[in-house]
1. Determine the relative contact order of chain B: mean sequence separation of Cα pairs under 8 Å and six or more apart, normalised by residue count, in whole percent.
2. Less than 12 Å Cβ to Cβ from A:Ala47, Lys/Arg counted +1 and Asp/Glu -1: what total charge do the surrounding residues give?
3. What is the mean number of Cβ atoms from other protein chains located within 10 Å of the Cβ atom of each residue in peptide B:124-133, rounded to a whole number?
4. Mind checking which lysines have their Cα closer than 23 Å to the Cα of B:Lys167? Skip sequence neighbours fewer than 8 apart in that chain.
5. Which of the listed residues, B:Pro150, B:Asn120, B:Gly217, is farthest toward the dipole's positive end in segment B:88-226, when Lys, Arg count +1 and Asp, Glu count -1 at the beta-carbon?
6. Using a simple charge model, +1 on the beta-carbon of Lys and Arg, -1 on the beta-carbon of Asp and Glu, nothing else, what dipole does chain B show about its Cα centre, in debye to the nearest 20?
7. Work out the charge dipole of the protein assembly as shown with +1 on the Cβ of Lys and Arg and -1 on the Cβ of Asp and Glu about the Cα centre, then indicate which of B:Ala3, B:Gly80, A:Phe46 is farthest towards its positive end.
8. Could you check the spin-label model distance between B:Leu70 and B:Arg200? Points 7 Å from the Cα along Cα→Cβ, value in nm.
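Read the figures in this text as sums done on the coordinates, not as results from a lab. Remember, predicted model here, so these are calculated numbers, not experimental data. Neighbour counts are summed over all protein chains in view; Cβ atoms, including those assigned to glycine, are modelled from backbone coordinates with ideal geometry.
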Amino acid sequence: MHELGIMDSILRTAFERSEEAGASRIHRITLTIGSLSGVAPEALEFAFGALTVDTAAEGATLDIRRNDVRITCAVCGAEYVPEAPVACCTVCGSPGGAITTGREIELTSLEVS
Amino acid sequence: MTATRTIEIHEAVLDKNRAIAEQNRALLATSNALAINLMSSPGSGKTSLLERTLTELSEAISIGVIVGDLATDNDGRRLGGRNAQVIQITTGDICHLDASMVGTALASFDPVPNLVFIENVGNMVCPAAFDLGERVRVALLSVTEGEDKPLKYPTLFRTADAVIVTKLDIAEVCEFDAEAARANIVATAPNAVTFWLSVRTGAGMEAWYQWLRDHVGERTAHGDAI
């Protein structure tokens, strides 16, 4: 449900950057979304369709790259991808650690003309 | 026709929220205040937990509550008259609190209390994505919700510093499997402190109070300790 607001903010940045670059059309927007970001790609796609009507990004492709959660084990220091939703080190078996990636919601790049 | 070209951006979408959250965190740190973000599904007992906590602790510790709801100020009113500063945020249709809403609420405290509870909008998905500037994130799970909630909503639980299992007095009626719940909490939130309590009977409340006292004490003694 909060994806509409997030997409609105993505598009605002996208239009700003595209204008700064002297472009008039946006053809592709690439996002990087962590699987622990609390954002659903399907809802982003829906919001994207709804918010780009009659804009420079109408009909553009939304390309969503998923980033796995990676955790650095507090005991052995190994970086591992937890077998969701359980977070135990795949090397030494210790639970938990620090989340290094997986929470990001990033506007990665634009394809414009 | 002009050829298409690529612009690399790599900008975090929630950067604005995060920047405001950092301002909130700085304000809280200079005021020696500990802020706790309480998150759970609707009806899991956030307001009841706060009602009793305020009654028991607000003589000894200065407490403030920022309450978020889609509509009504019912929760804010329930928490009134307990010697605490209560600020109600009505979010309209927004399903979570963000850092700027909390920043506005913090600015209206006079003075900023030593312990600030932020009762988030009842929702286990959206609030987990927004840093509010809190120091501690707490997830609540009531026995009526089923022991597999942590597995179904791992984002909320994995980012929690503490998990509180509430309504323990009706666990048996709900056929709540405490062992399964414990295993699921450990699996998703292995670093979290866990409290098992009943606000109604008071069972388990003392451990929660002591944890709050310790953390507030640490903050007032050493500043940014947690």
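1. Averaging sequence separation for qualifying contacts and normalising by length gives 24 percent for chain B.
2. Value of the local net charge: -4.
3. Mean partner shielding for this stretch: 3.
4. Qualifying lysines at Cα under 23 Å: B:Lys46, B:Lys149, B:Lys152.
5. After comparing all options, I get B:Gly217.
6. That gives a dipole near 220 debye.
7. Of the candidates, B:Gly80 comes out farthest on the positive side.
8. Once both label points are built, they end up 2.6 nm from each other.
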